[in-house]
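Take a look at the structure below.
The values are calculated or read from the model by the stated rules, or taken from the named source; none is laboratory data. Remember, it's a predicted structure, so these values are computed and weren't measured experimentally. Cβ placement follows ideal geometry from the backbone for every residue including glycine, while neighbour counts extend to all protein chains displayed.
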């Protein structure tokens, strides 16, 4: 992968940008933050995440300084809005683990101890709406999201620091009726999901804003599609033996499959849904990210790309 808009850093070169940022997580913390089948080591936290948190911390300070300049110019009291970090990438590429680790590290910085995390899953249309529109097989594609509500949430966060979003249950595979996640003036908001860098389509194609209009920095997690497919299959097999065993799980019908049947099902879902979405919608948004994190076959980060200013 090459890019005229980004500068490439191998892992060793990126690690040197850490400066004196201390490691504030231990193995116990990391064990609680890891996702299913998503290995991450303390050495990766030191070499990849700590330089990234240093970059974000510098950006937070600069953004606050610029906001003060604008407030002074307008003669209004100084405000303090959340700094918004977006994390994008394919299903099974490790977005959720990165978001949780980044949240833990950023919350340990003295200048921004309050860090919230919101996923775009909460802005999927409820199952009833998707079924009515014939979109259940397109879940995760741009048209399956209530983009207008997502934009309104981000606009409210940026203007007031306060907002609430719907809550999604992976177990039920649906929005939880009546439940809301409340955001109340965090210093940093991490916004994670498949679609955060996409322009929009379907019912919301003509909205005047896109989600990226409200981000201060955006991160795209990248890997070879064949590796991502294998990670998806491995995760599916793990869930088939754990979460899918619960009779209340939406995917309980896979619980009694043989390993071979479960693997076939995972491959079908990948080919018919996730691979298509990756190629058509997610991967084309990669170039819009400020930071591109490239993973190797074993999930370990091998290089990073930083947008040239």
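General remarks:
- Picking from residues in the range 125-141 that are under 19 Å from residue 285 (Cα atoms) and touching a helix residue (DSSP H, G or I) at 6+ places or on another chain (Cβ under 6 Å), the one that is surrounded by the most Cβ atoms within 10 Å (Cβ to Cβ) is 140.
Quick grid of which residues meet (1) modelled with pLDDT of 90 or more; (2) buried (at least 23 other Cβ atoms within 10 Å of the Cβ); (3) touching a helix residue (DSSP H, G or I) at 6+ places or on another chain (Cβ under 8 Å):
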position: 166; (1), (2), (3): yes, no, yes
position: 173; (1), (2), (3): yes, no, yes
position: 176; (1), (2), (3): yes, no, no
position: 179; (1), (2), (3): yes, no, no
position: 183; (1), (2), (3): yes, no, yes
position: 187; (1), (2), (3): yes, no, yes
position: 196; (1), (2), (3): yes, yes, yes
position: 202; (1), (2), (3): no, no, yes
position: 208; (1), (2), (3): no, no, no
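Residues checked against (1) part of a loop (DSSP other than H, G, I, E, B); (2) more than 28 Å from residue 159 (Cβ to Cβ); (3) in contact (Cβ under 8 Å) with a residue 24 or more places away in the chain:
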| residue | (1), (2), (3) |
| --- | --- |
| 50 | no, yes, yes |
| 55 | no, no, yes |
| 60 | no, no, yes |
| 64 | no, no, no |
| 72 | no, no, no |
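- Single unsatisfied condition, residue 55 versus (1) modelled with pLDDT of 95 or more; (2) surrounded by 20 or more Cβ atoms within 10 Å (Cβ to Cβ); (3) touching a strand residue (DSSP E or B) at 6+ places or on another chain (Cβ under 8 Å); (4) within 18 Å of residue 216 (Cα to Cα): (2)
- When 283, 239 are checked against the criterion of being out of contact with any helix residue (DSSP H, G or I) (no Cβ under 7 Å at 6 or more places or on another chain) and crowded, with 18+ Cβ neighbours inside 10 Å, 239 stands alone in meeting it.
- If you filter the range 91-127 down to residues that are part of a loop (DSSP other than H, G, I, E, B) and out of contact with any strand residue (DSSP E or B) (no Cβ under 8 Å at 6 or more places or on another chain), you find that the one that is modelled with the lowest pLDDT is 111.
- The range 242-280: number of residues that are in contact (Cβ under 8 Å) with a residue 60 or more places away in the chain, under 18 Å from residue 173 (Cβ atoms) and surrounded by 13 or more Cβ atoms within 10 Å (Cβ to Cβ): 7
- Pairs with Cβ under 6 Å, 6+ apart, first in the range 290-309 and at negative phi, second surrounded by fewer than 14 Cβ atoms within 10 Å (Cβ to Cβ) and modelled with pLDDT of 95 or more: 302/296; 303/10; 306/7; 308/7
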